[in-house]
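Just so it is clear, none of the values below were taken in a lab; they were calculated from the coordinates. Note that the coordinates shown come from a computational prediction; the quantities given were computed from them, not determined experimentally. As a convention, Cβ positions derive from the backbone with ideal geometry for all residues, glycine included, and neighbour counts pool all protein chains shown.
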Amino acid sequence: MQINFKELTILELFNNYPYARDFFSENFIPIEGLEHLTIDEALENIDEDIIEDRAINIEVFKVHLLEYIEMMKSFYTDEAIEAHNITILPGFYKDGSKENYDELEIKSGEIICIVGPTGSGKSRLLADIEWAANKDTPTKRTVLINGKTLETKERFSASNKLVAQLSQNMNFVMDLTVEEFLDLHASSRLVENKDDIIKNIFDKANDLAGETFKLDTPITSLSGGQSRALMIADTAILSKSPIVLIDEIENAGIDRKKALELLVSEEKIVLMSTHDPILALMGDKRIIINNGGIDKIVDTSDEERNILHKLEKLDKIMFNMRNKLRYGKKLEFEEEIENA
Amino acid sequence: MDFITISGPPSSGKTSVIIKTIDNLIRRGVKVGVVKFDCLYTDDDILYEKIGVPVKKGLSGSLCPDHYFISNVEEVVQWGQAKGLDLLITESAGLCNRCSPYVKEIKAICVIDNLSGINTPKKIGPMLKSADIVVITKGDIVSQAEREVFAMKVQSVNPKATIMHINGLNGQGAYELSTLIYDEKANIKTLEGSKLRFSMPSALCSYCTGETRIGKAHQLGNVRKIDLGNYNAN
Ligand SMILES: Nc1ncnc2c1ncn2[C@@H]1O[C@H](COP(=O)(O)OP(=O)(O)O)[C@@H](O)[C@H]1O
Ligand SMILES: [Mg+2]
């Protein structure tokens with residue numbers, strides 16, 4: 001990029017890179033009335049007192065300005081990092097012995113479950129993927145994205161973008177309505193058809209949530225199930241990250257099957273650490289972790305899928321029972337079994 | 001010896017992040033020591049003692065904590081060397097958004113948390129804007145979208161920084177941070193002659209020097225008055 005601070009005027013800068021104007025105001029640099037000057041001249045013209053008062057460092061600002069413009073250009077032009085597949089190459093168990101598999105390839109649109117006792121290394125595996133491990137994590141695994149290791153710089157700048165996370169503990173904290181919140185997120189992602197996207201996320205989220213909510217509902221007053229439905233729909237549709245890591249999201253109060261279908265339909269790679277048999281059987285494969293290593297990789301078999309149907313029935317029974325309880329009805333087991 | 005300065009608003013999770021990071025460094029055989037700077041009170045030194053690293057604390061008391069920090073940093077570096085450390089870490093609470101303790105050529109890390117509100121990155125001055133690495137904590141309890149928006153706000157005030165999300169509770173991300181902050185080839189012997197990244201305010205007013213009485217008669221030196229506009233008594 002050629003930005004010559006000695007030649008380009010502020011006005012020309014703003015015309016070429018409209019977002020540069022925000023960068024001046026975000027950094028409290030008063031530029032009004034100086035637009036006709038070159039960038040260098042304008043910056044030299046800023047009052048010493050203002051510079052001291054607002055803790056401005058012109059040299060740092062100039063470096064940051066170039067960096068910011070570079071960054072914004074990449075936001076506009078870059079398509080999301082695409083991860084068509086990830087490959088995990090074996091590392092070592094906690095005791096130092098080698099993991100016993102050749103390689104594990106995961107393609108976009110696949111759902112992989114990760115199971116294993118507490119402390120066995122499930123979260124570590126998710127973190128290896130998040131940081132695109134290159135033999136430099138405690139497991140010494142290698143994670144390839146589209147068949148390649150990432151450069152250090154890519155790993156640490158990409159880490160924000162490669163992976164989106166969802167977990168049981170997450171809550172909304174901002175004081176915004178559903179609509180304002182989605183608007184804020186869509187704006188920060190600089191998407192074009194913002195209104196359509198907001199509407200789409202809202203509809204999908206309501207479809208996942210048991211109880212419906214409105215656009216003007218404050219996000220902090222959504223129920224647990226509604227929050228998670230909104231988080232999942234938002235992550236599926238608006239998050240740039242091609243990989244979604246779900247860490248233990250049991251009893252979500254949402255339609256879990258639809259939620260996974262939504263993520264997968266957006267071509268995400270979904271990895272889910274779980275102990276819930278229904279979720280585990282919804283996966284294409286499951287990875288069994290023990291002592292820090294990948295012990296086994298099991299494809300979900302047809303027989304297991306049959307069990308899934310039965311489990312879903314049981315789940316439905318529990319769901320109906322809970323509702324009956326909530327509305328003061330009498331609980332009768334036989335009747336529920338017949339209805340299911 | 002390598003040396004890094006870590007700073008961030010109170011309660012942003014500095015100590016947890018540092019402790020989880022040190023865990024990983026110790027496992028790799030790196031000898032780490034910490035000096036904790038605070039204003040009136042801290043018991044973080046006990047937490048560091050618990051994990052068995054040499055630790056000292058400095059309380060600035062009636063002085064500006066960042067001024068106090070920079071007046072003592074050379075002594076601290078000498079202490080670290082005498083202790084035979086591979087890596088010296090200073091932790092200081094950024095209490096004022098105008099100052100920051102970062103020194104040129106010394107790695108500077110700012111820790112802020114997702115709960116602090118999306119306008120916070122804009123409000124924090126040099127402490128955030130001139131850091132090399134920005135660690136964002138408490139991402140495990142907010143939504144993915146809020147995390148993305150917050151990181152974007154940080155990036156827009158410090159586009160050069162490496163941004164890392166670290167969970168101070170379970171240490172996720174701390175391993176990765178430990179690989180970024182420690183350079184075994186670094187050989188820092190003294191800060192004599194080194195410079196601050198950012199000048200601290202030069203102003204001095206009566207209250208800086210201990211004045212307690214209120215009113216014009218007692219205000220000397222650098223006095224600035226609030227602008228309340230023109231108004232009539234009613
Ligand atoms: N292969 C390994 N080698 C060394 N340490 C490991 C390995 N796998 C996991 N660990 C460590 O073991 C601890 C527990 O792992 P974690 O992933 O949190 O377990 P889980 O999520 O299954 O409860 C973590 O500190 C992790 O870094
Ligand atoms: Mg875990």
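Per-structure values
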{"quantity": "Amide H partners (placed H, <5 Å) of A:GLU266, local residues excluded", "calculated": "none"}
{"quantity": "Total charge dipole magnitude, chain A, about the Cα centre, Cβ charges on Lys, Arg, Asp, Glu only, Debye to nearest 20", "calculated": "1760 debye"}
{"quantity": "q = 0.13, 0.14, 0.15, 0.24 Å⁻¹, segment A:126-234: log10 I(q)/I(0) [Debye, one scatterer per Cα]", "calculated": "-0.63, -0.70, -0.76, -1.19"}
{"quantity": "For segment A:85-300, alpha-carbon Rg relative to the globular expectation (2.2 N^0.38 Å, N residues)", "calculated": "1.05"}
{"quantity": "Computed over segment A:186-340: relative contact order in percent, which uses C-alpha pairs under 8 Å that are six or more apart", "calculated": "15 percent"}
{"quantity": "Largest-first principal axis extents of the Cα set of segment A:10-76 (Å)", "calculated": "36, 23, 16"}
{"quantity": "Built amide H within the under 5 Å cut-off of B:VAL142, gap 5+", "calculated": "A:ASN171"}
{"quantity": "Label-point gap, in nm, between A:ASN323 and B:LEU169 - each point 7 angstrom along Cα→Cβ", "calculated": "3.2 nm"}
{"quantity": "Positive dipole terminus of segment B:2-181, leading residue within B:HIS165, B:GLY33, B:TRP79 (C-beta point charges)", "calculated": "B:HIS165"}
{"quantity": "Residue-wise HN-Hα coupling along segment A:37-52, computed from phi with Karplus coefficients 6.51, -1.76, 1.60 (Hz; x: Gly, Pro)", "calculated": "7, 6, 4, 4, 4, 4, 5, 5, 7, 7, 4, 3, 4, 5, 4, 5"}
{"quantity": "Estimated FRET transfer efficiency (B:GLN78, A:PHE28; beta-carbon r; R0 45 Å; 0.05)", "calculated": "0.75"}
{"quantity": "At R0 = 35 Å, FRET efficiency that the Cβ-Cβ distance of A:LYS316 and A:LYS214 yields, to 0.05", "calculated": "0.80"}
{"quantity": "Ellipticity estimate at 222 nm from DSSP helix runs (n ≥ 4, -39,500 (n - 2.57)) divided over chain A, nearest 500", "calculated": "-14000 deg cm²/dmol"}
{"quantity": "Charge context of A:GLU312, other residues only, Cβ under 13 angstrom, K/R +1, D/E -1", "calculated": "+3"}
{"quantity": "Mean separation of Cα contacts under 8 Å (6+ apart) over length of chain B, as relative contact order %", "calculated": "25 percent"}
{"quantity": "Cα Rg over Rh - chain B, Kirkwood", "calculated": "1.02"}
{"quantity": "Total charge dipole magnitude, the protein assembly as shown, about the Cα centre, Cβ charges on Lys, Arg, Asp, Glu only, Debye to nearest 20", "calculated": "1440 debye"}
{"quantity": "Segment A:95-110 - phi-based ³J(HN,Hα) in whole Hz, Karplus 6.51/-1.76/1.60, Gly and Pro as x", "calculated": "7, x, 7, 6, 5, 9, 8, 7, 7, 10, 10, 10, 9, 5, x, 9"}
{"quantity": "12 Å beta-carbon shell around A:GLU110, net charge (K/R +1, D/E -1)", "calculated": "0"}
{"quantity": "Exceeding the 19 Å Cα-Cα cut-off - candidates A:LYS62/B:LYS122; A:LYS268/A:LYS316; A:LYS153/B:LYS36; A:LYS268/A:LYS296", "calculated": "A:LYS268/A:LYS316; A:LYS153/B:LYS36; A:LYS268/A:LYS296"}
{"quantity": "Within chain B, helix-based [θ] at 222 nm, where runs of 4 or more DSSP H residues each add -39,500 (n - 2.57), nearest 500", "calculated": "-8500 deg cm²/dmol"}
{"quantity": "Average Cα contact separation per residue, segment A:10-76, under 8 Å, 6 or more apart, as relative contact order %", "calculated": "38 percent"}
{"quantity": "Counting DSSP beta bridges with both ends in the protein assembly as shown, the antiparallel % (nearest 5)", "calculated": "30 percent"}
{"quantity": "Cut-off under 5 Å, modelled amide H: who pairs with A:TYR101 long-range", "calculated": "none"}
{"quantity": "Neighbourhood charge, 11 Å Cβ-Cβ cut-off, centred on B:CYS205 and excluding it, Lys, Arg +1 and Asp, Glu -1", "calculated": "0"}
{"quantity": "Where labels lie 7 Å past Cα in the beta-carbon direction, separation of A:ILE50 and A:LYS62 in nm", "calculated": "1.8 nm"}
{"quantity": "Two-decimal log10 I(q)/I(0) for the protein assembly as shown, as the Debye equation yields it once each C-alpha is a single scatterer, q = 0.09 Å⁻¹", "calculated": "-0.81"}
{"quantity": "Efficiency of FRET from Cβ geometry, B:GLU49 and B:GLU105, R₀ 41 Å, rounded to 0.05", "calculated": "0.85"}
{"quantity": "Segment B:1-29-segment A:174-212 distance, computed between alpha-carbon centres (Å)", "calculated": "37 Å"}
{"quantity": "Using alpha-carbon coordinates, inclination of helix A:58-77 to the longest axis of chain A, degrees", "calculated": "50 degrees"}
